[in-house]
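Inspection log for the structure reproduced underneath, given as structure tokens.
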Amino acid sequence: MTEQRTDPVVVVAGALVDEGRLLAARRSTPAELAGRWELPGGKREPGESSEEALVRELREELGVETEIGERVPGEWVLKPGYVLWVWAVRLRSGRPAPQQEHDELRWLTRDELDSVDWLDQDRPAVAEAAARLLPA
Ligand code: DCM
């Protein structure tokens, strides 16, 4: 039997940092993820670079223009066939506001990171991003 191999779907997410705080977004949809917190982002579309996808997702989800910085090293499995990649992101213009997928946003200091109920699969990504991007 031949093994079927397909590339994983890449979900790109942003570690938005402003004044030493990391932006957390609470999902309002789908039902099984609602109420849990994530680094905002979404699926890369065919033909898009990861950076293009992330700029588009952050525009759609937060209503802001962003500048994509360094990749946060690592790759986290979201579910079979899906991996999460994360970039450091800076705001260029606008103030993040929930659009369709989220119902609340919070800027968290390092000490506040555990105050929200992150999606399980985002926890290691958040820890890595915080270690690299937030002041000690
Ligand atoms: N996802 C996740 N963590 C993130 C961003 C997305 O687990 N930081 C998941 C939620 C969805 C899938 O990736 O199952 C695609 O995300 P979206 O629905 O936002 O396109």
### Task
Take the range 24-33 and flag every residue that is surrounded by fewer than 22 Cβ atoms within 10 Å (Cβ to Cβ), touching a residue at least 12 places away in the same chain (Cβ under 8 Å) and more than 9 Å from the ligand (Cβ to nearest atom).
26, 28
### Test set (1) touching a Pro at 6+ places or on another chain (Cβ under 9 Å); (2) closer than 15 Å to residue 13 by Cα; (3) assigned to a helix (DSSP H, G or I) - residue 132 fails condition number
(2)
### Message
Quick test for you: out of 87, 76, pick the one residue that is aromatic (Phe, Trp, Tyr) and more than 11 Å from the ligand (Cβ to nearest atom).
### Response
87
### Query
Going through the range 90-127 one residue at a time, which ones are closer than 23 Å to residue 30 by Cα, within 15 Å of the ligand (Cβ to nearest atom), out of contact with any helix residue (DSSP H, G or I) (no Cβ under 7 Å at 6 or more places or on another chain) and not in a strand (DSSP E or B)?
98, 100, 116, 117, 119, 120, 121, 122, 123, 124, 125
#### Entry: Residue among 74, 14, 69, 42 that alone is outside any loop (DSSP other than H, G, I, E, B) and either more than 17 Å from residue 122 (Cα to Cα) or modelled with pLDDT under 95 (or both)
69
## Note on the structure
Taking the range 48-62 and keeping residues closer than 17 Å to residue 95 by Cα and surrounded by 14 or more Cβ atoms within 10 Å (Cβ to Cβ) leaves 54, 55, 56, 57, 58, 59, 61, 62
#### Entry: Residues located in the range 34-45, provided they are under 19 Å from residue 9 (Cβ atoms) and either over 8 Å from the mean Cα position of the chain (by Cα) or more than 8 Å from the ligand (Cβ to nearest atom) (or both)
43, 44, 45
### Query
With respect to residue 106, is the statement that it is surrounded by fewer than 15 Cβ atoms within 10 Å (Cβ to Cβ) and within 21 Å of residue 52 (Cα to Cα) true?
no
### Query
Out of all the residues in the range 47-96, which are among the polar types (S, T, N, Q) and closer than 16 Å to residue 22 by Cβ?
66
### Task
Evaluate the following for residue 54: is it closer than 23 Å to residue 131 by Cα and near the ligand (Cβ under 10 Å from one of its atoms)?
no
### Among the residues listed as 70, 38, 45, the single one being surrounded by fewer than 20 Cβ atoms within 10 Å (Cβ to Cβ) and within 25 Å of residue 132 (Cα to Cα)
70
### Task
Might you let me know whether the range 46-61 holds any residue that is more than 13 Å from the chain's Cα centre (by Cα) and modelled with pLDDT under 95?
yes
### Summary
Per the filter on the range 63-99, residues under 24 Å from residue 32 (Cβ atoms) and without any contact (Cβ under 8 Å) to a residue 40 or more places away in the chain are 75, 80, 99
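The values are calculated or read from the model by the stated rules, or taken from the named source; none is laboratory data. All values reported here derive from a predicted model rather than from experimental measurement. Don't worry about glycine lacking a Cβ; one is built from the backbone with ideal geometry, like all the others, and counts go over all protein chains shown.
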